[in-house]
Each structure stands twice: as structure tokens, then as C-alpha cells.
């Protein structure tokens, strides 16, 4: 996206994505070119702001959900320790009661 | 925003419990005595700190779900209290209380994700729309939250069954949880 000079005069071109390819699209020179350039710049700024907003939102969400992983770890370790002390042992992923108390 | 995490001291205690449990599982009889002592000494603190963390985390999620609406906040708090009482039942053990907090936490996480996604899919001008990559991110989280919810319920049921000492075939484990029933905030 930008200005290009043809025969000594600036003309505005816009980049258009088509699948994986990007092609240049002629817009025009003079007032029309300047207006299109301003609109494109506004759109770009808006996209950047939205992306920043959602990046922040995502970070906030991830941070507020961290405690669930911590809670899972704590409950898993504590349950395991309590069950072992209560006379159970884990065999092939299944908890079983020990036949004799150790 | 600071991430909600367990303290370093608590992580150290949990690591000790894990190491001792592993040693007992490997047949170390001396470790069993040590583990018993460690559980006796550590469990009240682990339960207290993890429960405190759970409450803080739930509160953060409630704030997100309610989006600044005091009435919605109150409704969610009441809903969580009710759910907590239903899941924990009468006279829950410390471990049952902790597992209950986990179930409640994952439920509120599911609810937040459900609200975020419903708002996105329903459209409307007052909602800032998420780019596709973020929508995919939230959908992934939602799927994970559903899995975690089922797994948390199974874990509580397993602990109750094992602690009751009744063989599996004779045990009816009932946990009164309906993740989406009667939710005041449900759109």
C-alpha cells in the first residue's frame, strides 16, 4: 500500500490480498489518492487497536484462569496423598485398597 | 493484573507431598509414615490456601461474567453458594470441600466462556467483535473447561467412593450438579 511515481506524478496504489497472493490495485492520484490513503490509514489504525484490545483481553482472561490449573494440581496431589495414607494404592491407573496395612 | 497462583511455600509443600506419595507407591514403607505426618501437618494449610485462591479466582471470573452489573454479580455469587452447598453435601471433609471449590471454579469458567461466545455469536452493535483467531482461542478454552468440569466431578465421586470403602458395584454416587440449570445470567 503506498504512493508510486509514474511520469513524475504520485499515484496511490492499494495492496489487495487474494488467497495467498497480494496484488496491487490502482486507486488514483491527487485528491482521490490522498483520500484513499487517509481512509486506509484509519482502517489500519483501527485494526491495530482492535488486535491490541483482544490481545489484552486474552492475556487478562488467561491470567484470571491460571488459578484453575493451580487448584487442579493442589487437589490432585492432596487427594493422592490422602488416599495413600488411607490405605489405597494406585495400580494401572486404578485406586485399590491395600490388603494389609503397611 | 497479577496471575492468581499458589505461594512458593505451598508449591514446595505440594512437591514434598508428591515426592513422598511417589516413594510410597514405589514400596518405600518408611515414606508412608513420613507421608502420614506430612499430610497431617500440611493438609489444613494446603486446603486453606487453595480454597482461598479458588475463591479469589472465582470472584475474578464473576466480575468478568457480570461485566460490572451488580445484580448479575449477586446472582452469580448466590448461584455459586448454592452449587457449593449442593456439591459438598452435609459435613464435607476438607478434601471434599477443596474438590467442591474446584468444581465450582470450573463451572464459573465455563459460564464466562459461554457468555463471551454467546455475545459474539449473537452479534449486536454494542459488542466488540473478536477476530477469528481469538474466537478459536475461546472455543478451545471452552472445550477444555467442559473436560475439566467432568473430570472434577469424577474426581470427587472417586474420592467419595474410595473413602466410603464400599465396592464400586454397590456405590451410587450422586452429585447434584447441573452446570447450566437455573443460571440467572443465562442469555
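From the Cα gyration tensor of region B:8-170, with a ≥ b ≥ c the square roots of its eigenvalues, which class applies: rounded if a/c is under 1.5, or else prolate if a/b is larger than b/c, or else oblate? Here region B:8-170 falls in the prolate category.
If you fit an axis through the alpha-carbon atoms of helix A:30-85 and take the longest principal axis of the Cα set of chain A, what angle between them do you get, 0 to 90°, nearest 10? Helix A:30-85 sits roughly 0 degrees off the main axis of chain A. Using a Förster distance of 51 angstrom, determine the FRET efficiency expected from the C-beta separation of residue B:154 and residue A:35, and round it to 0.05. With a Förster radius of 51 Å, E is 0.25. From its DSSP helices (H runs of at least four residues, each -39,500 (n - 2.57)), the protein assembly as shown gives a residue-normalised ellipticity at 222 nm of -24500 deg cm²/dmol. Length, then width, then depth: along the principal axes, the Cα atoms of chain A run 96, 26, 15 Å.
Pairs of alpha carbons in the protein assembly as shown separated by more than 25 Å make up 60% of all such pairs.
Every number in this text was worked out from the coordinates using simple rules, so none of it is lab data. It should be emphasised that the depicted structure is a prediction, and the values quoted were computed from it without experimental measurement. Positions of Cβ are generated from backbone atoms using ideal geometry, with glycine treated the same way; all protein chains shown enter the neighbour counts.
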